[in-house]
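Peer 1: Questions regarding the structure given below will be posed in turn.
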Amino acid sequence: MTAVSNSRWGLWGIFSIFLGLASWFFGGFLSLIIGLGAVGTGFFGSRMHQKLSQAGMLLGAVPVLFFNLMNIGIVPLPASLESDKSHLVNSINASIRAFDVLKGKKLERKEKRVFLDHCRKALREAKTVNIAKLERQVPGFKSHYEGEFITGMESLIKGYEDSDFGSKFKGGLLLDKWAIWNRKNNRRLSKIKEPDPSLFAFIFGIIR
C-alpha cells in the first residue's frame, strides 16, 4: 500500500501565509484583524494537514503581539517614527519642565542651564512638528503654535541668554497666551490622529 502524505497543499494554508505576510505591512487595528485572520486560517489548515498553515499562524501571531505591546506602551516607537502629535506633546512637556525649574525665582547658574536646556528641547521638538498638517485637523493651531509657543520660546531663550528683560517679558507673555489657548482647546488637540506603524515600518525604523 502506498503511504499517504501527512501534508498537502490547500487553500487554508495558502490563505494563512498570504494573510500572515500582509499583516506585517499594515498598522493599528487592521494589522490585528489580518493577523488574527492568518492565525485562524492557519489553525484550520493545520487541522487539515495543509502546507504553510503553521508558518502562516506564526507570521500572523507576531503582528498581533506587536499591536498589543504597542497599545499598553511596553514597546516604544523609535525616534524616526515619532508622529507630529508626539513631537507636539514632547514640546509642551519640555516647556512645563522648564517652568517647573523657573517657578518665578531667580535662577542660579546651574538652574539656568537646566532651564535653558528644557527650553531648547521644547523648541527643537516644536520645529519638528508638521504644523500645516495639524492645522487641517485643528483650525487655528498654526497661528497660536507658531506665533505664541515657538516665537515665545525663542524670545524666552534669547532673554535668558542675553539677560534681556524685554525678550524675557515678551516670551513669557506669548507663552501665557499659548497656555490659555492650549487649555481651551485641549480636547481638540487630544483628538489629533496618530498614524499606527506597521511591524515592518517599526523594524525598518529601528535599523535605519
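The values are calculated or read from the model by the stated rules, or taken from the named source; none is laboratory data. Remember, it's a predicted structure, so these values are computed and weren't measured experimentally. Here Cβ is always computed from backbone atoms with ideal geometry, including for glycine, and neighbour counts include all displayed protein chains.
Peer 1: Return the pairs, sorted by first residue and then second, in which the second residue is surrounded by 13 or more Cβ atoms within 10 Å (Cβ to Cβ) and at pLDDT below 90, the first residue lies in the range 90-115 and is polar (S, T, N, Q), the beta carbons are less than 9 Å apart, and the residues are 6+ apart or on different chains.
Peer 2: Going by the 9 Å Cβ cut-off, the qualifying pairs are Asn90/Glu82.
Peer 1: Additional query: Quick check on this structure: which one of Ser155, Ser91 is of a type in the set (Ser, Thr, Tyr), buried (at least 17 other Cβ atoms within 10 Å of the Cβ) and within 16 Å of the chain's Cα centre (by Cα)?
Peer 2: Being of a type in the set (Ser, Thr, Tyr), buried (at least 17 other Cβ atoms within 10 Å of the Cβ) and within 16 Å of the chain's Cα centre (by Cα) holds for just one of Ser155, Ser91, which is Ser91.
Peer 1: Are there any pairs with C-beta distances below 6 angstrom linking a residue in the range 146-161 that is within 15 Å of Phe115 (Cα to Cα) to a residue that is part of a helix (DSSP H, G or I) and of a type in the set (Gly, Ala, Ser), with the two at least 6 apart or on different chains, and if so which?
Peer 2: Gly152/Gly171; Met153/Ala122; Ser155/Ser167; Ser155/Gly171; Leu156/Gly171; Lys158/Ser167; Gly159/Ser167; Gly159/Gly171
Peer 1: Considering each of Pro139, Pro197 in turn, give the residue that is within 30 Å of Phe26 (Cα to Cα), in contact (Cβ under 8 Å) with a residue 60 or more places away in the chain and not assigned by TED's automatic domain parsing to the domain that holds Ser23.
Peer 2: On the way: Pro139 fails: in contact (Cβ under 8 Å) with a residue 60 or more places away in the chain.
Pro197 is the lone residue from the list that is within 30 Å of Phe26 (Cα to Cα), in contact (Cβ under 8 Å) with a residue 60 or more places away in the chain and not assigned by TED's automatic domain parsing to the domain that holds Ser23.
Peer 1: Give the residues of the range 115-141 that are surrounded by 13 or more Cβ atoms within 10 Å (Cβ to Cβ) and under 12 Å from Leu189 (Cα atoms), sorted by residue number.
Peer 2: Once the filter is applied, which keeps residues that are surrounded by 13 or more Cβ atoms within 10 Å (Cβ to Cβ) and under 12 Å from Leu189 (Cα atoms), the range 115-141 yields Leu134, Glu135, Gln137, Val138, Phe141.
Peer 1: Quick one: Leu107 ticks every box in (1) over 24 Å from Arg187 (Cα atoms); (2) assigned to a helix (DSSP H, G or I) bar one, so which box is it?
Peer 2: (2)
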